[in-house]
Amino acid sequence: MTASDRPLLDVEGLTISYRVGKTWLPAVRDFRLQLGAGEIIGLVGESGCGKSTVALALMHYLAGNGRVESGGKLHFAGEDLLAKSNADMRRLWAKRIKFVPQNASAALNPSIRIGKQVMEVLKASDGIEGAAAYESMIDMFHHVNLVDPERVAERYPHELSGGMQQRVTIAMALISNPELLIMDEPTTGLDVTTEAVILELVRDLIAQRDTGVIYITHNLGVVAQLCQRVLVLYAGEIMEEADVQALFEEPHHPYTLGLIGSVPKPGESKHTVRLQSISGNPPSLRRLPGGCVFAERCPLVVDLCRSDKPPLESLPGDRLVRCHRWEDVDAVVQPPSKSLPIAMEGDLPTPLSEVAPLSNGLGRASPITLMRVTDLQKQFPVAPTAREALRRIKPTPIRAVDGVDLQLRAGQTLGLVGESGSGKTTLARVIIGLQERSGGKLELLGMDVRNSVRERSEDVLSKLQMIFQNPQNSLNPYLSVRQAIVRPLIKLRGMAPAAADAEALTLLERVNLRAEYADRYPDELSGGEKQRVAIARAFASEPDLIICDEPVSALDVSVQAAVLNLLAQLQEEHDSAYLFISHNLSVVGYLADAIAVMYLGQLVEVGEARELFQPPYHPYTEALVSALPVADPTHKTERILLSDNLPSAQNLPSGCRFHTRCPRKIGAVCETDAPPWREGEAGHRIRCHIPLDELEALQSDLVLAGGSD
Amino acid sequence: MAGFRINEQEPRREDTGGRDEGENRSCPQTYQGRGESRLMPSSQISRSLVNLIRTLLRQPQSAVGTALALFFFLLALFGTQLAPYPNPNDQSHDVRQSPTLDFAKLQLGEHPFGTDRLGRDVYSRVILGASSIFRIAGLGTLVSVILGSALGLFMGYQGGWVDEILGRVIDATLAIPALLLALVLVGIIRNLDFEAGSWQAGLADNVVLLVIAVLYIPIVARVARSSTLDIRTREFVAAAEIRGESQAYIIFREILPSVIPSLVVEASLRFSYAIFLVASLGFLGFGARPPSPDWGLMVNENRGGFYQLTPWALEFPALAIAVLVIAVNLMSDGIRRAVQKGV
């Protein structure tokens, strides 16, 4: 509580239930919150913990199958919202309480021009119409940094990029000068660069007004960078509440500790630390435990936790915690190591020794070049328009991958990063053979590899495997886990069915799944479990190279950590190489030995992971690195904000492709000449007109690599 | 993104959708049912089927529809045993007798639906007529679903110019009104002179069945194709391609199971249309020939001046057609709802 003496939002003892069949299940229990004007409170927790339910309940906008149980208190600016009728609430929603949804493209009406939609808000909130409304809308668009507001107003939602759409929803929310703003994961679907811009925007706009913000996210980095106070929600209960500094410095709840530990921090790599993960799943609402809801997943659990429900204790320093053993958490979290001396690892009870960092250093990756990609091209033809067809003009194809050279050593992890639309996934699909390349060469262990999977020999097929992004889609819902794993064993390793069956169980064990999982179907598995099965399936053919296309981006942080650990561990056991694609730099930084940065179909920087996170950077890498939301409130970097207009791959910029967005553009040369590759230390290469030493001098502040500590 | 999305039917999926889709909690309670699967290798599909039937019976409309359709199906199977006069052309009764059906006393009487102008028992003829309509409409639908879905799966998976050409052909066939095409086809085949007993003659006898298959193959193929287009972009298909699986394996093992739900919906819908088409063709005189107990034919034979004398000989077969079509429609609606809910 900061600003005023009367909180803007005062919530006490709020219990929210959903009707399932004939019973009401309490999804959120005993929720409390005090939000002052101008304050930003973060609400964090895994998916399914009730964050969005809280958001809807605070707006008094629950669906028909949800209700707020009596006895709770929900006061907004001194008024009792629970007593209000729908009509009263509608007036509040029109002006004083606003909501920014996660998915802006779904929130905007696709058939109404942006300008009209935004002005409708003004009409509803303040009765302003016509020229006055137009003016304040354009003014608001300037505030949210929308380039060319007049033209944006004329467009339909689908003509805007995701980042621009989210700016429009934020403009819509702020245009009525609301007192309370609830933001539900507004940046989750966006690129880091866009996310950084939006976060900056929210921070600025809130500072100018006295709006109280509840910011819901699962991303601790965002919380650390944006919020003043944090509420940690688990299974519908508040686990901990504290100021952001205090929470990150000294988490009192084991759950908070687990969440923080599961995010790789800059400088951490698989060689130095194992990530913590939180085993198990949140309890089902139908069978809530009598004691602490977190007991089943807690590394510090004692008998008391299972029998008695811990109260939400008030602690000095204006913080709250719901744990019997918070003092012990304090003890274990203190230096030297910020990690629990207790395995929070997945389903297997790993002894401490095995949680220790992996031993292999950088040198371990063998010098054998496993895969060499030379001048790889992939173009997608574009159907000619009627006019082009008549004039016999061939339309420019989309150049998704445009001359990429890569080398991968056996046992090495090569990280590939870039914004969405940079061609990462196309590159992966061309290498694996799902799409045919338009040009260039692909060699595996010195042998040419054919274009498409249909032409490749089983030997090549078995050496190359892939792990996909979305665990929901990567397993066939009609095949059991056993069937999914046995098939590649029979097909690519020529095993007899009985032997394959036995081997499948061994593989399941490798990915830390019990044998009984063999007979389950994908809909009986959680997201993390599905991804483990997908990993087991990829490893079944004993491949030399596994392409991992965003394998953890669809998972919760705690699960993400377990999967990353598993990937690191399997790599050590099998000595397989990874091409690891991700938009998340901290994940790539953790797992990769070398990193390649991709922009609009070309690589702009390649180097050892360590080299890549310290100057000199390519200006694009610099922007990516600076945009990274680091889960540490003390970490402050000067953010380099890029415009969120990624040029189209059909109409590529001349000269350096990055010049349209580059903050370090030096002049006309960037627009006319393609930049040269500049060689740095240890194979570090940057494609830029600016010499490396100049770049290094310009960027000396921005160091993320662990090299410095 | 809802914090708790709760699915009424399946409590284990109280999970969120959206991007940060994490660990879906799966309650152990659902695993208890899995115990038997180890003894009996029941597949995911048969499990879905059980769920489908359960969902069908839960809704009153679809339960009534399913029950009625099932009732007619039993008539079709055991017609000769159930009909009081198993020979539909038994003219031994007095002509033009009124129905003896008495709802109040729940008595059927001698001739529940009366007799027609030739002295045939209408009740028996209606019961015996069920089998031909089920045989022709059912088999016609089955053939069109099997061939149509194979075609659609192939087109959808193959894509490219193969899909383009076949797609245009299908569009062209769909542009022709169904009944018109049916009349033309039946007319042509009927007028051909085949040697009795030859396979062509056998074909000509089943011409309506054939016509149904030909008419519905393109429609089913379109549905199968569009579902396939959706499924083929799933990553498990890519995983199979990376394994070097054959096209047939990918189509039938990886894609087909996921397409089956929409095919089942389409099949049930096609079936209800087919029943109506068979009855229409019968009525127009292009289907079954007299004196077979075909419902459509019976309606036709007893209209005009005869309707004044024996209205029941027209009304009861007409009622049978109406009830069966509505019943199958209700059932098909229920199947669609159940599938959309995701069984």
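Any idea which of (1) in contact with a strand residue (DSSP E or B) (Cβ under 8 Å, 6 or more places away or on another chain); (2) assigned to a loop (DSSP other than H, G, I, E, B) is the one A:Ala682 doesn't satisfy?
Among (1) in contact with a strand residue (DSSP E or B) (Cβ under 8 Å, 6 or more places away or on another chain); (2) assigned to a loop (DSSP other than H, G, I, E, B), A:Ala682 violates only (2).
Hey, among A:Tyr215, A:Tyr255, which residue is without any contact (Cβ under 8 Å) to a residue 60 or more places away in the chain and either touching a helix residue (DSSP H, G or I) at 6+ places or on another chain (Cβ under 9 Å) or in a helix (DSSP H, G or I) (or both)?
On the way: A:Tyr215 fails: without any contact (Cβ under 8 Å) to a residue 60 or more places away in the chain.
That would be A:Tyr255, the only listed residue that is without any contact (Cβ under 8 Å) to a residue 60 or more places away in the chain and either touching a helix residue (DSSP H, G or I) at 6+ places or on another chain (Cβ under 9 Å) or in a helix (DSSP H, G or I) (or both).
For the subset of region A:477-530 comprising residues that are part of a helix (DSSP H, G or I), surrounded by fewer than 19 Cβ atoms within 10 Å (Cβ to Cβ) and among the basic types (Lys, Arg), which member is nearest to the other protein chains (Cβ to nearest Cβ)?
The qualifying residue nearest to the other protein chains (Cβ to nearest Cβ) is A:Arg493.
Mind checking which residues of region A:25-41 are surrounded by fewer than 22 Cβ atoms within 10 Å (Cβ to Cβ), assigned to a strand (DSSP E or B) and away from every other protein chain (no Cβ under 11 Å)? Steps first, answer last, please.
Initially, region A:25-41 is screened for residues surrounded by fewer than 22 Cβ atoms within 10 Å (Cβ to Cβ), giving A:25-26, A:29-30, A:32-34, A:36-38.
After this cut, where a residue has to be assigned to a strand (DSSP E or B) as well, the list is A:25-26, A:29-30, A:32-34.
Hits for region A:25-41 are A:Arg29, A:Asp30, A:Arg32, A:Leu33, A:Gln34.
Looking only at region A:268-288, how many residues end up being buried (at least 20 other Cβ atoms within 10 Å of the Cβ) and either within 23 Å of the chain's Cα centre (by Cα) or in a loop (DSSP other than H, G, I, E, B) (or both)? Even if it seems obvious, please write down each step before you answer.
Let us first name the residues in region A:268-288 that are buried (at least 20 other Cβ atoms within 10 Å of the Cβ), namely A:269-270, A:273-279, A:281-282, A:285.
Now drop any that are not either within 23 Å of the chain's Cα centre (by Cα) or in a loop (DSSP other than H, G, I, E, B) (or both), which leaves A:269-270, A:273-279, A:281-282.
Residues flagged as buried (at least 20 other Cβ atoms within 10 Å of the Cβ) and either within 23 Å of the chain's Cα centre (by Cα) or in a loop (DSSP other than H, G, I, E, B) (or both) within region A:268-288 amount to 11.
Need pairs with beta-carbon distance below 8 Å; first residue among the aromatic types (Phe, Trp, Tyr) and within region A:166-185, second at pLDDT 90 or above and surrounded by 24 or more Cβ atoms within 10 Å (Cβ to Cβ); sequence gap 6+ or separate chains.
Listed pairs, sorted by first residue: none to list.
So A:Gln208 passes all but one of these: (1) buried (at least 23 other Cβ atoms within 10 Å of the Cβ); (2) away from chain B (no Cβ under 14 Å). Which condition number does it fail?
A:Gln208 satisfies every listed condition except (1).
For region A:623-668, enumerate the residues that are among the β-branched types (Val, Ile, Thr), surrounded by 16 or more Cβ atoms within 10 Å (Cβ to Cβ) and part of a loop (DSSP other than H, G, I, E, B). Steps first, please.
Taking region A:623-668 and keeping what is among the β-branched types (Val, Ile, Thr), we get A:625, A:630, A:634, A:637, A:640, A:660, A:666.
Retained after the next criterion (residues that are surrounded by 16 or more Cβ atoms within 10 Å (Cβ to Cβ)): A:625, A:630, A:637, A:640, A:660.
Scanning region A:623-668 gives A:Val630, A:Thr637, A:Ile640, A:Thr660.
Regarding region A:274-293, can at least one residue be identified that is within 14 Å of chain B (Cβ to nearest Cβ) and modelled with pLDDT of 90 or more? So that I can check it myself, show each step before the final result.
From region A:274-293, those within 14 Å of chain B (Cβ to nearest Cβ) are A:277-289, A:293; that's our starting set.
So of that shortlist, the ones also modelled with pLDDT of 90 or more come out as A:293.
Yes.
Does any residue of region A:269-289 turn out to be out of contact with any helix residue (DSSP H, G or I) (no Cβ under 8 Å at 6 or more places or on another chain) and more than 28 Å from A:Leu304 (Cβ to Cβ)?
The answer is yes; a qualifying residue exists.
How many residues does region A:285-296 hold that are within 20 Å of A:Val559 (Cβ to Cβ) and in contact with a strand residue (DSSP E or B) (Cβ under 9 Å, 6 or more places away or on another chain)? Reasoning before the result, please.
Kept after step one, since they are within 20 Å of A:Val559 (Cβ to Cβ), are these residues of region A:285-296: A:285, A:293-296.
With the extra rule that they be in contact with a strand residue (DSSP E or B) (Cβ under 9 Å, 6 or more places away or on another chain), the set shrinks to A:285, A:293-294.
So the count comes out to 3.
Identify, by number, the condition in (1) in contact (Cβ under 8 Å) with a residue 60 or more places away in the chain; (2) within 14 Å of chain A (Cβ to nearest Cβ) that B:Tyr249 doesn't meet.
B:Tyr249 satisfies every listed condition except (1).
When region A:289-308 is examined, which residues are found to be assigned to a loop (DSSP other than H, G, I, E, B) and surrounded by 17 or more Cβ atoms within 10 Å (Cβ to Cβ)? Step through it out loud before you land on a result.
Residues of region A:289-308 assigned to a loop (DSSP other than H, G, I, E, B): A:289-294, A:298-302, A:308.
Result: A:Gly291, A:Cys292, A:Val293, A:Phe294, A:Cys298, A:Pro299, A:Leu300, A:Val301.
Might you check whether a residue that is part of a loop (DSSP other than H, G, I, E, B) and of a type in the set (Asp, Glu) occurs anywhere in region A:434-443?
Step one: filter region A:434-443 for residues part of a loop (DSSP other than H, G, I, E, B), giving A:434-438.
Filter once more, so that each one left must be of a type in the set (Asp, Glu): A:436.
Within region A:434-443 (the criterion being part of a loop (DSSP other than H, G, I, E, B) and of a type in the set (Asp, Glu)), the answer is yes, since at least one residue qualifies.
Among the residues of region B:286-343, write down those that are closer than 18 Å to B:Ala137 by Cβ and either touching a strand residue (DSSP E or B) at 6+ places or on another chain (Cβ under 7 Å) or free of Cβ contacts under 8 Å to residues at least 12 places away in the same chain (or both).
Answer for region B:286-343, where residues must be closer than 18 Å to B:Ala137 by Cβ and either touching a strand residue (DSSP E or B) at 6+ places or on another chain (Cβ under 7 Å) or free of Cβ contacts under 8 Å to residues at least 12 places away in the same chain (or both): B:Arg289, B:Leu319, B:Ala322.
Give me a count of the residues in region A:107-129 that are within 26 Å of A:Ala87 (Cβ to Cβ) and part of a helix (DSSP H, G or I). Don't jump to the end; show me each part of the working.
The initial filter retains those residues of region A:107-129 that are within 26 Å of A:Ala87 (Cβ to Cβ), namely A:107-109, A:112, A:116-129.
Then keep just the ones that are part of a helix (DSSP H, G or I); that gives A:107, A:116-126.
The number of residues fulfilling the criteria is 12.
Scan region B:233-240 and give yes if some residue there is within 25 Å of B:Thr141 (Cβ to Cβ), within 11 Å of another protein chain (Cβ to nearest Cβ) and touching a residue at least 12 places away in the same chain (Cβ under 8 Å), otherwise no. First the steps, then the outcome.
Filtering region B:233-240 down to residues within 25 Å of B:Thr141 (Cβ to Cβ) leaves none.
No: zero hits.
Anything in region A:84-100 that is more than 14 Å from every other protein chain (Cβ to nearest Cβ) and part of a strand (DSSP E or B)? List them, or say none. Working first, answer last.
Applying the first criterion (more than 14 Å from every other protein chain (Cβ to nearest Cβ)) to region A:84-100 yields A:84-98.
Once the filter is applied, which keeps residues that are more than 14 Å from every other protein chain (Cβ to nearest Cβ) and part of a strand (DSSP E or B), region A:84-100 yields A:Ile97, A:Lys98.
Residue by residue, here is whether (1) assigned to a strand (DSSP E or B); (2) crowded, with 24+ Cβ neighbours inside 10 Å; (3) not assigned by TED's automatic domain parsing to the domain that holds A:Val373 holds:
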{"residue": "A:Val563", "(1), (2), (3)": "no, yes, no"}
{"residue": "A:Leu566", "(1), (2), (3)": "no, no, no"}
{"residue": "A:Glu572", "(1), (2), (3)": "no, no, no"}
{"residue": "A:Tyr590", "(1), (2), (3)": "no, yes, no"}
{"residue": "A:Ala596", "(1), (2), (3)": "yes, yes, no"}
{"residue": "A:Val604", "(1), (2), (3)": "yes, yes, no"}
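Please list, ordered by residue number, the helices (runs of 4 or more DSSP H) wholly in region B:263-343 having 2 or more residues that are buried (at least 22 other Cβ atoms within 10 Å of the Cβ) and modelled with pLDDT of 90 or more. Walk me through it before giving the result.
Numbers: elements: B:295-301, B:305-309, B:311-341.
Answer list for region B:263-343: B:295-301, B:311-341.
Quick grid of which residues meet (1) within 12 Å of chain B (Cβ to nearest Cβ); (2) in contact (Cβ under 8 Å) with a residue 12 or more places away in the chain; (3) assigned to a strand (DSSP E or B); (4) under 29 Å from the mean Cα position of the chain (by Cα):
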position: A:Arg19; (1), (2), (3), (4): yes, yes, yes, no
position: A:Leu43; (1), (2), (3), (4): yes, yes, yes, yes
position: A:Glu46; (1), (2), (3), (4): yes, yes, no, yes
position: A:Cys49; (1), (2), (3), (4): yes, yes, no, yes
position: A:Ala55; (1), (2), (3), (4): yes, yes, no, yes
position: A:Ala63; (1), (2), (3), (4): yes, no, no, yes
position: A:Gly71; (1), (2), (3), (4): no, yes, no, no
position: A:Leu82; (1), (2), (3), (4): no, yes, no, no
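I need the full set of residues from region A:536-548 which are more than 9 Å from chain B (Cβ to nearest Cβ) and surrounded by fewer than 24 Cβ atoms within 10 Å (Cβ to Cβ), in order please.
A:Phe539, A:Glu542, A:Pro543, A:Asp544, A:Leu545 - these are the residues of region A:536-548 that are more than 9 Å from chain B (Cβ to nearest Cβ) and surrounded by fewer than 24 Cβ atoms within 10 Å (Cβ to Cβ).
Looking at region A:610-622 only, could you name the residues that are surrounded by fewer than 24 Cβ atoms within 10 Å (Cβ to Cβ) and either touching a Phe, Trp or Tyr at 6+ places or on another chain (Cβ under 8 Å) or in a helix (DSSP H, G or I) (or both)? Show your work before the answer.
Filtering region A:610-622 down to residues surrounded by fewer than 24 Cβ atoms within 10 Å (Cβ to Cβ) leaves A:610-611, A:614-615, A:622.
Those that are surrounded by fewer than 24 Cβ atoms within 10 Å (Cβ to Cβ) and either touching a Phe, Trp or Tyr at 6+ places or on another chain (Cβ under 8 Å) or in a helix (DSSP H, G or I) (or both): A:Arg610, A:Glu611, A:Glu622.
Which residue, of A:Val533, A:Val552, is buried (at least 24 other Cβ atoms within 10 Å of the Cβ), closer than 21 Å to A:Leu628 by Cα and either in the same structural domain as A:Val273 (by TED's automatic domain parsing) or among the aliphatic types (A, V, I, L, M) (or both)?
Numbers: A:Val533 fails: closer than 21 Å to A:Leu628 by Cα.
Result: A:Val552 is the single residue among A:Val533, A:Val552 that is buried (at least 24 other Cβ atoms within 10 Å of the Cβ), closer than 21 Å to A:Leu628 by Cα and either in the same structural domain as A:Val273 (by TED's automatic domain parsing) or among the aliphatic types (A, V, I, L, M) (or both).
Applying the selection to region B:179-226, what residues are among the charged types (D, E, K, R), part of a helix (DSSP H, G or I) and farther than 12 Å from B:Leu281 by Cβ?
Hits for region B:179-226 are B:Asp205, B:Arg222, B:Arg225.
Which number in (1) at pLDDT below 90; (2) closer than 25 Å to A:Leu464 by Cβ; (3) surrounded by 24 or more Cβ atoms within 10 Å (Cβ to Cβ) marks the one condition that A:Val557 misses?
Going through the list (1) at pLDDT below 90; (2) closer than 25 Å to A:Leu464 by Cβ; (3) surrounded by 24 or more Cβ atoms within 10 Å (Cβ to Cβ), A:Val557 breaks only (2).
The values are calculated or read from the model by the stated rules, or taken from the named source; none is laboratory data. Note that the structure is predicted; figures quoted are calculated from it, not measured. Please note: Cβ atoms are built from the backbone with ideal geometry, for glycine as well, and neighbour counts cover all protein chains shown.
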